[in-house]
Amino acid sequence: MIYLDNAATTKVFDCAVKAAEQAMLDGYFNPNATYKSAVEAKTAMDDNRRKIASILGAKDGELIFTSCATESNNWVINCCRKKPNGNVVITAGEHASVFEPAMALKNHGIDVRVVPIKPSGEVDTDALAAAVDGDTTLVSVIHVSNETGAVNPIEKISAIVRARAPRALFHSDGVQAVLKTKPISSLGVDLYSISAHKLGAPKGIGALYIKKSVNISPLLYGGGQESGLRSGTQNTPYIAAFASALEQYSKLVDVAKTADIRDKLKEHFEKSGCTILGGNNSGFILTVLIPDVKAEILQNYVFEKGVIIGKGSACAGSKRGNRVLSAMGLDMRQSECCIRISLSVDTCIDDAMRAAQIITDGAEKIRSGNV
Ligand code: PLP
């Protein structure tokens, strides 16, 4: 099987499974209790938090564990409910876990401004500058698009936000960017969402980076865990798996090598008359518009041949149409013909090219009614 849907989720590394197992079987104590074994569990958790922070380019104490990036994103957006007189700026390219809670803010009377994206998938930074003003309380811009891999210029946007709205918080959804672009500390963000299952860890663990000087209101009240910001006993086995996976991913990741595989795939699809979406790219996602071939039919066809690809984002998989592709200027018919190929650290060129041939052969058969 050739798995090319890594933007949806990645295979869990063996080392992450072992780390979780060890934390469940031997280190299962509540890290907030006070006897020796519990203190050891807390020490292990704190070591893992430090390890994760250091790999991500954050300082110790800047990471709060959550259950997933959806939770991190919702937390950040919902904080704005407490500031009903301000406005919130997001982009049309956001993942649903930013976009939907932002839309729900409107029910609380908050002015939510959605900045357009360009046909390349990147945010229009002039329009963003025009949308941000002295009353803006939060700006949220996705770092790397889960739909196309398009990279937004987060440092440049940070400078715009600081100049136009010095009191606003600047958040970025970094799920598809982590270890594929720059370290968090260099981005100029106040808040940054992270999901572990895109990096070789299990589903069910994520984090929110909160810059040291930044204050946001707690997500969950209770026992005061996670610096009082997210109460609830921490998921120590998955935190151990997260740290172990991240260490392994950071050792294996070779952005130039993966971008080279993507370039070769791009060449293959362009030669076959397909259109590639997304401009400035992370190198890990290739979204291909295959004329007159419905992605769902092609996805099922290639699955039978041992190739797994995505269509649109996994989270939007059940919905008709694609909000982000349509914001890039595609009509419904065109977005239904888009497949998403997403690579990981273990994708090799031979597998990728074999899959590409199976995909284009399949497209040809489907188009000619030969299946
Ligand atoms: N943000 C982006 C850009 C994503 O790609 C995803 C998942 O596909 C999420 C947020 C949600 O992540 P999680 O599955 O951890 O909730």
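Remarks
- In the stretch 110-120 there is at least one residue matching the filter, namely being more than 19 Å from LYS211 (Cα to Cα), more than 14 Å from the chain's Cα centre (by Cα) and within 16 Å of the ligand (Cβ to nearest atom).
- The residue pairs whose first member lies in the stretch 94-116 and is at positive phi, whose second member is open to solvent by 10 Å² or more (accessible area, probe 1.4 Å), and whose beta carbons are closer than 8 Å, counting only pairs six or more residues apart or on different chains, are GLY109/PRO84.
- ALA201 vs. criteria at pLDDT 95 or above and open to solvent by less than 10 Å² (accessible area, probe 1.4 Å): yes
- If the condition is being in a strand (DSSP E or B) and closer than 20 Å to LYS212 by Cα, then the stretch 147-178 contributes LEU169, PHE170, HIS171, SER172, ASP173.
- Against the test of being more than 16 Å from the ligand (Cβ to nearest atom), touching a helix residue (DSSP H, G or I) at 6+ places or on another chain (Cβ under 6 Å) and small (Gly, Ala, Ser), the options SER244, SER231 yield a single qualifying residue, SER244.
- So ILE297, is it in a helix (DSSP H, G or I), touching a residue at least 24 places away in the same chain (Cβ under 8 Å) and more than 21 Å from the chain's Cα centre (by Cα): yes
- Selection count where residues are more than 16 Å from the ligand (Cβ to nearest atom) and under 18 Å from VAL253 (Cβ atoms), scope the stretch 154-184: 2
- Conditions (1) assigned to a strand (DSSP E or B); (2) more than 16 Å from the ligand (Cβ to nearest atom); (3) in contact with a strand residue (DSSP E or B) (Cβ under 6 Å, 6 or more places away or on another chain): number failed by ILE194: (2)
Here's the yes/no breakdown for (1) within 16 Å of the ligand (Cβ to nearest atom); (2) closer than 19 Å to GLY174 by Cα; (3) in contact with a strand residue (DSSP E or B) (Cβ under 7 Å, 6 or more places away or on another chain):
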site	(1), (2), (3)
ALA19	no, no, no
THR34	no, no, no
ALA41	no, no, no
ILE55	no, yes, no
GLY61	no, yes, no
VAL88	no, yes, yes
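- With respect to (1) within 12 Å of the ligand (Cβ to nearest atom); (2) part of a helix (DSSP H, G or I); (3) under 24 Å from THR148 (Cα atoms), the lone exception for ALA127 is condition (1).
The values are calculated or read from the model by the stated rules, or taken from the named source; none is laboratory data. Keep in mind it's a predicted model, so treat the numbers as computed, not measured. Glycine gets a Cβ as well: all are built from the backbone with ideal geometry, and neighbour counts include every protein chain shown. Note: areas computed on protein heavy atoms with side chains; ligands, DNA, RNA excluded. Shrake-Rupley method; radii C 1.70, N 1.55, O 1.52, S 1.80 Å.
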